[in-house]
Every structure is written in structure tokens, then in C-alpha cells.
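One structure below.
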């Protein structure tokens with residue numbers, strides 16, 4: 001798949017699979033394959049393997065490569081697979097080479113661990129990872145890695161394979177300025193969460209990254225559909241019923257953005273397992289509150305399951321040319 005073909009797909013929802021673990025915290029690759037197969041039955045832009053929701057920060061390099069390989073195999077050509085990489089230039093380059101061999105279509109480059117880098121050093125970091133493979137990349141701007149509009153334009157000039165930008169800052173005003181300054185040189189993604197879809201799509205973003213895609217793909221897709229149509233009445237309905245209650249649970253504890261999603265999946269009978277340190281598993285009362293919320297989700301979850309049964313028929317999903 002060429003960069004142009006890949007970019008043309010970046011409209012709608014990026015699914016962000018969790019990384020399932022067994023109780024001993026080893027990888028559950030069989031569970032990952034089952035989850036990815038189910039997610040791949042829905043019309044997402046792409047799947048992001050070993051992203052933040054996939055606990056990239058607690059995986060070894062060989063584990064990251066295994067997670068990407070299994071995701072590619074389970075997606076089976078139905079959609080592109082983006083692989084999370086980062087930490088430092090050397091490790092990021094090693095990851096980039098490994099996930100390219102594992103079949104990834106694109107890199108999602110997280111900021112380096114060191115949080116006091118000058119602008120040129122930050123550019124060197126992204127350039128080193130870009131040169132390590134033949135894959136296009138998207139930058140994930142989050143935490144301390146804050147970019148001005150001219151910085152993004154300079155990086156796009158310096159790294160020809162830079163294809164897309166994922167915002168993790170949540171500053172719609174600043175992101176709009178970046179988009180206006182750089183224009184269509186890059187594809188622009190909303191990366192804070194499902195709860196920020198109205199703000200992102202209001203400023204012209206056409207794709208976003210969704211953790212809700214793990215449990216209720218229909219909700220994620222309806223959010224994107226309403227966002228693209230600027231149907232803010234429908235967005236408000238979806239936010240009130242599904243998104244805001246879930247994100248309120250996620251806000252109860254640092255790191256719960258992963259823990260709550262895994263708890264929800266376990267309640268729904270999907271492979272997930274515990275989280276690895278430094279995250280913690282949901283407290284008993286929070287587990288019960290997640291269980292109650294999943295009853296609210298039951299209508300869209302049942303429709304998802306019905307759709308998956310239909311997709312298992314001989315007329316199943318088509319394959320993407322790679």
C-alpha cells in the first residue's frame with residue numbers, strides 16, 4: 001500500500017486494540033488475535049497495535065513486534081495496521097525495523113522519554129526513526145512534546161515520510177492553528193479520546209482514535225459519522241448515553257483509561273486480563289460500576305455481536321490490497 005493509498009483511508013475511526021495479558025502478565029496472543037479479528041469486521045480506518053491503550057509503555061521490544069505481527073495476521077488484509085514505537089532514537093529505530101518486518105503499514109511515533117530536549121534534538125529523534133524503515137509515520141504529540149505551527153511545518157519538510165499527525169494535547173484552538181498553517185501536507189487525527197470528537201470534528205479533523213472501539217465499534221463509528229456530518233445534536237446524544245459515563249469512570253484514577261477498558265472487556269467475555277505496572281487494576285467498587293454501565297451498552301454490543309455472526313458467512317468482509 002502506497003502512502004497516498006494509506007492516507008486516503010484516514011477518515012473515520014482508528015481502532016486501538018488493548019493488549020491482553022494472562023494472569024501471570026504474559027502476553028495472551030491468542031486472545032489478541034480473537035479481539036483483532038472481531039474489530040477487523042468493522043469499517044475502521046486502521047488498527048493501531050501496541051499504542052497507549054495497548055500498553056506500549058510496558059512491553060519489551062520483542063513483545064511489541066509479536067503484538068504487531070499477530071495484529072497483522074488477524075486483520076488479514078482487511079485494514080492497515082499502525083505500530084506504536086518510541087522511547088529513544090535507538091530503541092525507536094529498532095522497533096521500526098522490527099514492526100516493518102512484522103507487516104506494519106505505518107508507524108505511530110510517541111515522544112522520547114527525555115522531556116527536556118531542544119527543538120533540533122526532537123527533530124533528530126523523529127528523523128532517526130523515520131530513516132530506520134521504509135514505513136510512513138505519524139507523530140503523536142502528547143505530554144511535553146508540544147509543537148508550534150512552524151515546528152510542525154519544519155518537521156514535515158525534514159521528514160518526507162511524515163504522513164499524519166495525532167494530537168494528544170487536547171487544545172483545539174492550537175490544533176486548529178497548526179492545521180491551518182500546515183494544510184493538507186498531513187492527515188490530521190484527534191487523539192485525546194472519544195469524548196473530544198465534537199471539538200475535533202468542529203475544527204476540520206476527519207479521523208480520531210477510539211478506545212471504545214474495543215467494546216462497541218458501532219458507537220465509535222456513529223461518533224465519526226455524526227462528526228463528519230457536523231450533526232452535533234446526534235453527537236450530544238451519543239456523548240450523554242455512552243461516552244461521558246464511561247469517561248467519568250476512567251477519570252476516577254490515573255491510568256484507568258486502560259484499566260476500565262480491560263475491565264469492560266472482561267465483563268463482556270472478551271480476552272483482556274490484567275494491566276501491567278505501573279497501571280493498576282480497577283478497584284472492586286469500580287468494577288461493579290463498569291458492570292452497570294455495560295448494561296447501558298448492551299443494545300450496541302448485541303448489535304455488534306449480531307454483525308459479527310453475519311460477517312462469518314461466506315459473504316464476509318473484503319480484503320485490502322497490501
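Here are a few things to note about the model shown:
- Qualifying position, being within 26 Å of residue 3 (Cα to Cα), surrounded by fewer than 19 Cβ atoms within 10 Å (Cβ to Cβ) and at pLDDT 95 or above, among 228, 189: 228
- Residue check for residue 9: surrounded by fewer than 24 Cβ atoms within 10 Å (Cβ to Cβ), in contact with a strand residue (DSSP E or B) (Cβ under 7 Å, 6 or more places away or on another chain) and either at pLDDT below 95 or over 24 Å from residue 131 (Cβ atoms) (or both): yes
- Some residue of the stretch 74-95 being under 18 Å from residue 261 (Cβ atoms) and either surrounded by fewer than 24 Cβ atoms within 10 Å (Cβ to Cβ) or more than 15 Å from the chain's Cα centre (by Cα) (or both): no
- Any hit, the stretch 178-201, residues being without any contact (Cβ under 8 Å) to a residue 40 or more places away in the chain, assigned to a helix (DSSP H, G or I) and farther than 26 Å from residue 137 by Cβ: no
- Of all residues in the stretch 202-213, those that are surrounded by fewer than 20 Cβ atoms within 10 Å (Cβ to Cβ) and outside any helix (DSSP H, G or I) total 3.
- Residues (surrounded by fewer than 19 Cβ atoms within 10 Å (Cβ to Cβ), farther than 11 Å from residue 212 by Cα and within 19 Å of the chain's Cα centre (by Cα)) located in the stretch 251-266: 251, 254, 255
- Residue in the stretch 273-296 that is touching a strand residue (DSSP E or B) at 6+ places or on another chain (Cβ under 9 Å) and in a helix (DSSP H, G or I) present: no
- Condition check for residue 63: at pLDDT below 95 and either within 29 Å of residue 225 (Cβ to Cβ) or surrounded by fewer than 18 Cβ atoms within 10 Å (Cβ to Cβ) (or both): no
The values are calculated or read from the model by the stated rules, or taken from the named source; none is laboratory data. From a predicted model like this one, the values you see are computed outputs, not experimental measurements. For neighbour counting, all protein chains shown are included, and Cβ atoms are generated from backbone atoms with ideal geometry for every residue, glycine included.
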